[in-house]
Each structure stands twice: as C-alpha cells, then as structure tokens.
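The values are calculated or read from the model by the stated rules, or taken from the named source; none is laboratory data. Bear in mind the structure is a predicted one, so any value in this text is a computation, not a measurement. Using ideal geometry, Cβ is built from the backbone for each residue, glycine included, and neighbour counts are taken over all protein chains shown. Just so you know, the surface numbers come from the protein's heavy atoms only, side chains and all, with ligands and any DNA or RNA stripped out. Shrake-Rupley method; radii C 1.70, N 1.55, O 1.52, S 1.80 Å.
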Amino acid sequence: MDIEQRQSELIDHFVKQATAASNAPALTSVIVDATSHPLLFAFSEILDLPNVVQLEATDSKVYLDMLRLFAHGIWSDYKSNAERLPQLVPDQILKLKQLTVLTLAETHKVLPYDQLMQELDVTNVRELEDFLINECMYAGIVRGKLDQLRRCLEVQFAAGRDLRPGQLGNMIQTLSNWLSTSENMLVSIQDKIKWADSMSEVDKKHRKDVEEKVDEVKKSLFKKLHTVSRATSTSEGMRRSALNLVE
C-alpha cells in the first residue's frame, strides 16, 4: 500500500473517531492517539472538524494547539512553547522530528548533517543516519541518498505536509507565475517554429533557383558543344573537298 492511500485511510479513521467524540476528554484522547500514530503525518482534516475547533474556548485548548503544532510546526517550535503545551510522549517526539525533516525537505534538496543534527537535537552522525534510515526512509516519507563524504542528505522525495495558513495563496501565486512563464515560452517556441518553417521555404526556393540556373548552364553548354561540333564537322568536310580538288 502506498503512502497516500495509507494516509487517506488513517485520516478517515481518526476523523470518524473525532466526530463521534461526545466530550472534550474523549476528543483530546483522539488527538493524542492521532499525533502518536506511527503512520499518520497529516492532520488538517482533523483540525478542521467543528468540535475540534470548539476546543479553542475550553480548558482543553492546549490540545488544539498541540494538534496545530503537528499540522504545521517542527521540533524547535515545541521546545520554544513546551511550557504551554501538553508533555509529549516518545512516539509524539519521534513523529514531530520526522515532520521536521519533511519541512526542511520542502525547500532544500540537500540537507547538511550539521543543520539536521541541530534541528533534531541529535549529537552525532551515526545517530542521525540511523534516524534518517530507520525512521524516515523505511517509513516511506523520505527517499534520498546519505552522502557521508559531503555530510548531507540528498533528498529525492519527501511526503507533503499540511498546508500552513497563507501557504495556499503563495502556492496559487507560484503556479500562476509558472503558468504565465510557460505561456510565454510556448509563444516563443511557436515563433521559432514559424521562423524555421519560413527559413525552410526560403531554402527550398533558393535550392530551386540554383537547380534552375544549373539546368540553364547545362543547356547553354550543350548548345555551345553542339555548335562547336557542327562547326568542326563543316570544317572537316571543306578540308576534304579541297583535298579532292587538288588531287
């Protein structure tokens, strides 16, 4: 089962559980389970549920903030706000560090070991490489190459995270810019094709003109050769007649 299908099934499962939760304690329990699940990396559908949004006005708001952290944040965000959030269990800490790698991979395809060790609170290269292999690559959320010589992770694929507030507008603008650039390139390519076609026609006309001139030269040479041949024949006939008279 690919990661997209697996995510979809897990999201449906936890959305149903959260929707069915009849009170805040039951709902916060679902949030903890979802953010602890080793195979779930998307949380926006849960975050958008009406009863989850209503936690904003309750004593359980910290669990809503925790869910937002898992949807959009990284490990350093938790460390900066740990006193205002529920204490994370080991599975949640692992999950948040995995999500941190995904966030870094969104904008950089080469991730230096030093940066990763700092962001993940890892103290040595062996521990970092074990984490990247066992918890990211084997989990299917990252594909890439560990370059020990250059001390970096070369990212080939990284699973997408939930869109952050305002990110959708930026993506639409980026796609609009890309579309405009593509249209301009298409016009330029079409112009070049037309130019190439016109040059091809000019070349064909030039070739035809040359061939016609070659034919004219051939005909002219043939006529001249024919005339010279006739003149030679006439001269030879006159010489023979003169010899006959002398005899």
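From the residues in the stretch 1-45 that are within 28 Å of the chain's Cα centre (by Cα), in a helix (DSSP H, G or I) and aliphatic (A, V, I, L, M), which one is nearest to LEU67 (Cα to Cα)?
ILE11
Suppose we filter the stretch 82-103 for residues that are polar (S, T, N, Q) and part of a loop (DSSP other than H, G, I, E, B); how many remain? Full working, then the answer.
Our first condition is that a residue be polar (S, T, N, Q); within the stretch 82-103, this holds for 87, 92, 98, 100, 103.
Pick out the ones that are also part of a loop (DSSP other than H, G, I, E, B) and you get 87.
Qualifying residue count, the stretch 82-103: 1.
Considering only residues that are without any contact (Cβ under 8 Å) to a residue 24 or more places away in the chain and more than 30 Å from VAL142 (Cβ to Cβ), look in the stretch 26-57 and name the one that is least open to solvent (accessible area, probe 1.4 Å).
Out of the qualifying residues, it is ALA26.
Out of the stretch 104-131, which residues are part of a helix (DSSP H, G or I), surrounded by fewer than 17 Cβ atoms within 10 Å (Cβ to Cβ) and in contact with a Gly (Cβ under 9 Å, 6 or more places away or on another chain)?
Kept after step one, since they are part of a helix (DSSP H, G or I), are these residues of the stretch 104-131: 104-107, 113-120, 125-131.
Next cut, surrounded by fewer than 17 Cβ atoms within 10 Å (Cβ to Cβ) only: 106-107, 114-115, 118, 125-127, 129-130.
Once the filter is applied, which keeps residues that are part of a helix (DSSP H, G or I), surrounded by fewer than 17 Cβ atoms within 10 Å (Cβ to Cβ) and in contact with a Gly (Cβ under 9 Å, 6 or more places away or on another chain), the stretch 104-131 yields only GLU106.
Can you tell me which residue is modelled with the lowest pLDDT among those in the stretch 71-118 that are hydroxyl-bearing (Ser, Thr, Tyr) and within 16 Å of ALA158 (Cβ to Cβ)? Break it down stepwise before answering.
Within the stretch 71-118, the subset hydroxyl-bearing (Ser, Thr, Tyr) is 76, 78, 80, 100, 103, 107, 113.
Remaining after also requiring within 16 Å of ALA158 (Cβ to Cβ): 100, 103, 107.
Working: THR100: 98, THR103: 96, THR107: 89.
Looking at the filtered set, the residue picked out is THR107.
In the stretch 59-70, what residues are open to solvent by 60 Å² or more (accessible area, probe 1.4 Å) and either over 37 Å from the mean Cα position of the chain (by Cα) or at pLDDT below 95 (or both)?
Kept after step one, since they are open to solvent by 60 Å² or more (accessible area, probe 1.4 Å), are these residues of the stretch 59-70: 59, 61, 63, 68.
Listed by number, the residues that qualify are ASP59, LYS61.
For residues in the stretch 58-84 being of a type in the set (A, V, I, L, M, F, W, C) and touching a residue at least 40 places away in the same chain (Cβ under 8 Å), which is farthest from GLY160 (Cα to Cα)? I'd like the intermediate steps shown before the answer.
Here is the first cut: in the stretch 58-84, the residues of a type in the set (A, V, I, L, M, F, W, C) are 62, 64, 66-67, 69-71, 74-75, 82.
Remaining after also requiring touching a residue at least 40 places away in the same chain (Cβ under 8 Å): 71, 74-75.
Working: ALA71: 11, ILE74: 14, TRP75: 17 Å.
That would be TRP75.
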